[in-house]
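The values are calculated or read from the model by the stated rules, or taken from the named source; none is laboratory data. This structure is a prediction, so every number in the text was calculated from the model and none was measured. Here the Cβ is made from the backbone with ideal geometry for all residues, glycine too, and neighbour counts use every protein chain on show.
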Amino acid sequence: MRRIARAPWELLKHAFGWLVLFELRNKVVLFPSALRLGRLETAEARRLAATAGPIPHALVATVIATHRRPDALRAAVRSALAQTVADQVVIVVDDGAGLPELPDDPRLFAVSLARNTAVAGVVRNVGIRLTRSTYVAFLDDDNLWEPDHLERALAVLESPGGPDGVYTALRRVLPDGTERDVLSVEFDRHRAARESFLDTNAFVARRAPALRFSRLRRTPKVLPREDWELVYRYSRGRAVRHVPYPTVRYLVNPESFYTTWSG
């Protein structure tokens with residue numbers, strides 16, 4: 001009897017992929033909170049645009065969302081500023097906890113939300129909305145880029161007939177600094193509906209209205225994550241390509257894989 005009851009779910013999972021089905025459920029269940037957070041995001045983007053002043057246009061805008069990780073944040077910022085691509089701006093968006101002292105660099109801008117949202121997608125969206133650029137890249141406050149991350153991504157994006165978005169390989173490291181593995185998977189939308197191998201730390205994409213993170217309030221138990229949702233949705237009608245070279249040092253530990261963005 002249990003096998004018969006599970007048959008419709010198995011058919012749907014086979015047809016659409018479990019990640020797509022879970023995300024559909026998330027949108028239905030969490031929709032009310034997303035509406036409220038959308039209004040908050042718009043209000044904060046307008047407030048900060050008026051108070052922080054204009055941020056110059058650049059080829060790439062790098063968005064770093066942060067919350068109470070001062071030392072790790074400074075390391076992430078340094079890795080972003082050390083890119084071989086100089087035509088970029090780096091914007092740090094703090095989720096209402098206050099900013100630490102950061103490097104003095106004319107390409108670096110930092111803002112704080114008026115209050116904690118506890119939703120990483122909203123924080124990143126504010127950074128996207130405050131910047132003007134051809135491409136947008138993302139870096140978490142506890143991860144690092146190799147110096148050639150943007151260079152390798154742009155070489156593919158700006159090639160003749162290049163895609164709209166690319167993602168590089170992730171070198172996943174443990175807290176003691178040892179390498180766990182390298183995550184490098186060619187893009188396939190059918191496979192992405194069934195396997196969660198997409199991460200925005202490795203993602204660089206052409207700016208478009210679809211380049212906005214989900215505003216759903218995702219607790220650690222809510223799957224899929226907002227990284228998957230963004231890249232999967234962005235790839236609908238747009239070309240996304242994998243660059244099989246590890247340019248991201250991704251910290252794997254319980255505190256970084258599922259960040260608690262609560263105040």
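Points to keep in mind about this one:
- Matching residues, the range 45-57, being surrounded by 15 or more Cβ atoms within 10 Å (Cβ to Cβ) and either of a type in the set (K, R) or under 19 Å from the mean Cα position of the chain (by Cα) (or both): A45
- Failed item in (1) surrounded by 21 or more Cβ atoms within 10 Å (Cβ to Cβ); (2) in contact with a helix residue (DSSP H, G or I) (Cβ under 7 Å, 6 or more places away or on another chain), with R217 passing the rest: (1)
- Going through (1) part of a loop (DSSP other than H, G, I, E, B); (2) over 15 Å from A202 (Cβ atoms) one by one, G127 falls short only on (1).
- Looking at the range 155-242, the strands (runs of 3 or more DSSP E) lying wholly inside it that each contain 1 or more residues that are among the small types (G, A, S) and modelled with pLDDT of 95 or more sit at 165-173, 203-206.
- In the range 130-141, the residues that are surrounded by 21 or more Cβ atoms within 10 Å (Cβ to Cβ) and in a loop (DSSP other than H, G, I, E, B): T131, L139, D140, D141
So that you can scan it fast, the table gives a plain yes or no per residue for (1) surrounded by fewer than 18 Cβ atoms within 10 Å (Cβ to Cβ); (2) β-branched (V, I, T); (3) within 16 Å of L40 (Cβ to Cβ):
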position: A65; (1), (2), (3): no, no, yes
position: R74; (1), (2), (3): yes, no, no
position: V77; (1), (2), (3): no, yes, no
position: I91; (1), (2), (3): no, yes, no
position: P100; (1), (2), (3): yes, no, no
position: P103; (1), (2), (3): yes, no, no
position: L113; (1), (2), (3): no, no, yes
position: N116; (1), (2), (3): yes, no, yes
position: G121; (1), (2), (3): no, no, yes
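- When L113 is tested against (1) touching a residue at least 60 places away in the same chain (Cβ under 8 Å); (2) out of contact with any helix residue (DSSP H, G or I) (no Cβ under 8 Å at 6 or more places or on another chain), exactly one condition is not met: (2).
- Restricting V240, V222, V248 to those that are touching a helix residue (DSSP H, G or I) at 6+ places or on another chain (Cβ under 9 Å), over 26 Å from R25 (Cα atoms) and surrounded by 14 or more Cβ atoms within 10 Å (Cβ to Cβ) reduces the list to V248.
- Pair list, Cβ < 8 Å and 6+ apart or interchain, from the range 136-159 residues that are closer than 21 Å to R68 by Cβ to residues that are assigned to a helix (DSSP H, G or I) and among the acidic types (D, E): D142/E255
- If the condition is being farther than 18 Å from D142 by Cα and surrounded by 14 or more Cβ atoms within 10 Å (Cβ to Cβ), then the range 79-89 contributes V85, D87, Q88, V89.
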